[in-house]
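Notes for the one structure printed next.
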Amino acid sequence: MIRFFCLLIFCCLASGSYASEADSLWLRMPAPKTAAEVITRKMTPTIQVAVAELKHGWRGVPVVLKVDKSKVERGLGGDGYWIRTATDGKSITISSIGDAGLLYGVFQLLRMQQTGASMNRLDIKESPSYKIRILNHWDNLDRTIERGYAGRSLWNWDELPATLSPRYEAYARANASIGVNGTVLNNVNASPEVLSAAYLQKVQALANVFRPYALKVYLSINFSSPAELGGLSTSDPLDKNVRKWWIDKVNEIYKLIPDFGGFLVKANSEGLPGPQDFGRTHADGANMLAEALKPHKGIVMWRAFVYNPGDQDRAKQAYQEFMPLDGQFHDNVIVQVKNGPIDFQPREPFSPLFGAMKKTPVMPEFQITQEYLGFSNHLVYLAPMWKECLESDTYQKGKGSTVARVTDGSVYPHALTAMAGVANIGDEDNWCGHTFAQSNWYAFGRLAWNHELSSEQIADEWLKQTFPDAASSASFLSATEKMMMESREAAVNYMMPLGLHHIFAFGHHYGPEPWCEVPGARADWLPGYYHKADKVGVGFDRSKTGSNAVAQYQSPLCDLYDDVQTCPENLILWFHHVPWDFKMKNGRTLWEELCYTYDKGLQQTRSFQKTWDAFEGLVDSNRFKEVQRRLKIQTRDAMWWKDGCLLYFQQYSQMPIPHELERPVHDLDSLKRFKLHISNHENAPR
Ligand code: BDP
């Protein structure tokens, strides 16, 4: 039952759209026998959703939803909430200054119920680590998805705006449940057409569905849109007509979508147009857009993913291009920086731009879709990887200036803070391809909400909500959590241990091809550029005597990384060209360590299979078989990686694979002849 103290704005309750799709993912709440009692003074579309969620899933004392502008709530901000049990224990109040805060509070309460948290005397105040918690969809208008491995795009542009798939609302609900409050609908390699009048109508239809869930829509734009879509003779950001074109376009967007979030921009990167085409800077380009968006409170997320072919170290380029611009961006611009200096590799050091840009807000971009981590075939839980970056100390404002703290507004008091994740969502039934890939969507949202949550806690929450039946078994919970927690390091071990990076097959980034050579291809798109294997050793020398990328890090990191003896071993080949017989800390040679680590990765995938198989019967058979099938692929791939890389590097090291390790089962020549890819996986030589 719902009681309204005052005005009744909406008389019918939320859509009742809890179709089977919506009840999937981590939102498998058993319907209560009797609907919960919810008391609210105010009704808005967002509060209506909050009420419906409680009625759908809450089994407890009446809940009071209260928009409250008093001091505590003001301190928590519009998305923050306070959940507390009444002194007599007979009700729970969720209060916030904003409707969105109430919705997040409701989802928190439901999550606690689902995960068996203690409900005694609640007194929980939360506000998010980042103001903007945003998914970046790399979805094209033809419904293909760049680096997407879970089917086609959710957005059925042909049918929009007339037909609204129920999945749109289910998507918004899933995001709201983890605190994601923004979504960029289209690929950073953007087509100008997305800004056409026809597409904006479609975008408006999606924005209308998402709005009650406090999910704002943003778009990636193509910098040449004024010329390509608008027919102007130039897209020069300092040209008067170009600036007017953007102002008009932005006004047109806000007429349709009054709460439109803003633009994401990839410019002068990988061949895309940008301000440098006209002799202007990134700041000139970003500020032009920022000015158009400013009156509407819109923002610009300007990406720092830039590098040009040439002989200099690719890892240094973003820093070189962006540092001189620090302080030149308008205050509604935020620079979006990938976690590492190259490109979402299984392990990278953090990007040196974090903390170094002090006068400009900077936001981390993580990749949820597993472009470099086995697509949707490999079980790789990514929270530990993102935490590794967030917890890295940049030392830029003394000890403790972690990536998290230099981006969340605590070290530098920027009003604009954000975290982006490149989505792994498609139209496949289970949304993400691999059931366990859903945990990465979940973990992204949870970390953007609270970057202090541990990876273990997030895994635990996700497992309990995703497998509510199986997770009541303590052994299922501890074994699958252990598997998740190990999985990222396992992937590093069987793909690119010790700081190796980018030794993937050309183009698709699935299998290993350290040998890959493509006549005429850009050097920095080929593995040899990164591993630099020769008779002496392997690895990229970025020390002072090499490319000197170490100099981009603040002391003491620059010295720590510079010295091969103090460089962390898990990054040693990132920063150094290391002789094959170099003595590692455990006494093995580099070559032996490489062999042991590849082998360890393979053994870890085998142990994942064992873990999972033990739970047959506990997990519903569809999901059980799907995960089982993918774990087999993962193990076969790990074997392929290990054999491919070790046999290839052995040509240079000329050293034996330690005899106690499993022997290779492939020949290098047969591996070289075959392109291991998701689409022809089944035909791979065994
Ligand atoms: C790389 C991807 C490419 C993206 C690019 C980007 O391979 O498809 O367009 O990043 O982030 O990782 O812009």
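The values are calculated or read from the model by the stated rules, or taken from the named source; none is laboratory data. These numbers come from a predicted model, not from an experiment. Ideal geometry is used to build each Cβ from the backbone, glycine not excepted, and the neighbour counts take in all protein chains shown. Quick note on the areas: whole protein, heavy atoms, side chains included, nothing else; ligands and nucleic acids left out. Shrake-Rupley method; radii C 1.70, N 1.55, O 1.52, S 1.80 Å.
For this structure, a couple of remarks:
- Any hit, the range 243-256, residues being within 30 Å of the chain's Cα centre (by Cα) and in a loop (DSSP other than H, G, I, E, B): no
- Count of the range 71-106 residues, restricted to those that are over 20 Å from residue 172 (Cβ atoms), of a type in the set (Ser, Thr, Tyr) and touching a residue at least 12 places away in the same chain (Cβ under 8 Å), is 4.
- Residue within the range 464-471 that is modelled with pLDDT of 95 or more, assigned by TED's automatic domain parsing to the domain that holds residue 661 and in a helix (DSSP H, G or I) present: no
- Evaluation of residue 117 against (1) of a type in the set (A, V, I, L, M, F, W, C); (2) touching a residue at least 12 places away in the same chain (Cβ under 8 Å); (3) open to solvent by 10 Å² or more (accessible area, probe 1.4 Å) (one fails), failing number: (2)
- Just one of the listed residues (342, 299, 334) is in contact (Cβ under 8 Å) with a residue 60 or more places away in the chain, in contact with a helix residue (DSSP H, G or I) (Cβ under 8 Å, 6 or more places away or on another chain) and closer than 30 Å to residue 254 by Cα, namely 299.
- Annotation note: of 251, 241, 268, 222, the sole residue that is under 30 Å from residue 44 (Cβ atoms) and among the polar types (S, T, N, Q) is 251.
- Hey, residue 49 at pLDDT 95 or above and within 24 Å of residue 465 (Cβ to Cβ) or not: yes
- Failed condition for residue 117, given (1) more than 16 Å from the ligand (Cβ to nearest atom); (2) in the same structural domain as residue 265 (by TED's automatic domain parsing): (2)
- Helices (runs of 4 or more DSSP H) (entirely within the range 381-455) containing at least 1 residues that are farther than 26 Å from residue 139 by Cα, hydroxyl-bearing (Ser, Thr, Tyr) and open to solvent by less than 20 Å² (accessible area, probe 1.4 Å): 403-407
- Residues (touching a Leu at 6+ places or on another chain (Cβ under 9 Å), within 23 Å of residue 135 (Cα to Cα) and among the charged types (D, E, K, R)) located in the range 250-275: 266
- Residue match in the range 340-353 (condition: within 14 Å of the ligand (Cβ to nearest atom), hydrophobic (A, V, I, L, M, F, W, C) and open to solvent by less than 20 Å² (accessible area, probe 1.4 Å)): yes
- Some residue of the range 530-542 being closer than 22 Å to residue 661 by Cα and acidic (Asp, Glu): no
- Residue in the range 292-301 that is within 16 Å of the ligand (Cβ to nearest atom), in contact with a His (Cβ under 7 Å, 6 or more places away or on another chain), within 22 Å of residue 183 (Cα to Cα) and open to solvent by less than 40 Å² (accessible area, probe 1.4 Å) present: no
- Exactly one residue among 637, 581, 613 is over 30 Å from residue 436 (Cβ atoms) and either at pLDDT 95 or above or open to solvent by less than 10 Å² (accessible area, probe 1.4 Å) (or both), and that residue is 581.
- Taking the conditions (1) over 20 Å from the mean Cα position of the chain (by Cα); (2) not in a loop (DSSP other than H, G, I, E, B) in turn, residue 484 satisfies each one other than (1).
- Qualifying residue in the range 358-368 (condition: crowded, with 21+ Cβ neighbours inside 10 Å, more than 16 Å from the ligand (Cβ to nearest atom) and closer than 19 Å to residue 501 by Cβ): no
- The lone exception for residue 514 - which of (1) outside the structural domain of residue 673 (by TED's automatic domain parsing); (2) open to solvent by less than 30 Å² (accessible area, probe 1.4 Å); (3) touching a residue at least 24 places away in the same chain (Cβ under 8 Å) it fails: (1)
- Test: residue 106 is within 16 Å of the ligand (Cβ to nearest atom), open to solvent by less than 10 Å² (accessible area, probe 1.4 Å) and out of contact with any His (no Cβ under 8 Å at 6 or more places or on another chain): no
- Subset of the range 139-151 that is over 20 Å from residue 207 (Cα atoms) and more than 15 Å from the ligand (Cβ to nearest atom) - its residue that is farthest from the chain's Cα centre (by Cα): 151
- The range 516-613 holds helices (runs of 4 or more DSSP H) entirely within its bounds, and those carrying 2 or more residues that are among the polar types (S, T, N, Q) and under 29 Å from the mean Cα position of the chain (by Cα) map to 590-613.
- Every residue from the range 302-322 that is surrounded by 16 or more Cβ atoms within 10 Å (Cβ to Cβ) and not basic (Lys, Arg): 302, 304, 305, 306, 307, 313, 315, 317, 318, 319, 321, 322
- Among the residues of the range 402-446, those identified as of a type in the set (Ser, Thr, Tyr) and under 30 Å from residue 556 (Cβ atoms) are 402, 407, 410, 412, 417.
- Looking across the range 163-213, the residues that are more than 16 Å from the ligand (Cβ to nearest atom), in a loop (DSSP other than H, G, I, E, B) and open to solvent by 10 Å² or more (accessible area, probe 1.4 Å) come down to 163, 164, 165, 181, 196.
- Residue in the range 518-539 that is within 16 Å of the ligand (Cβ to nearest atom), open to solvent by 10 Å² or more (accessible area, probe 1.4 Å) and more than 26 Å from residue 320 (Cα to Cα) present: yes
- Residue in the range 308-325 that is assigned to a strand (DSSP E or B) and either within 16 Å of the ligand (Cβ to nearest atom) or closer than 21 Å to residue 189 by Cβ (or both) present: no
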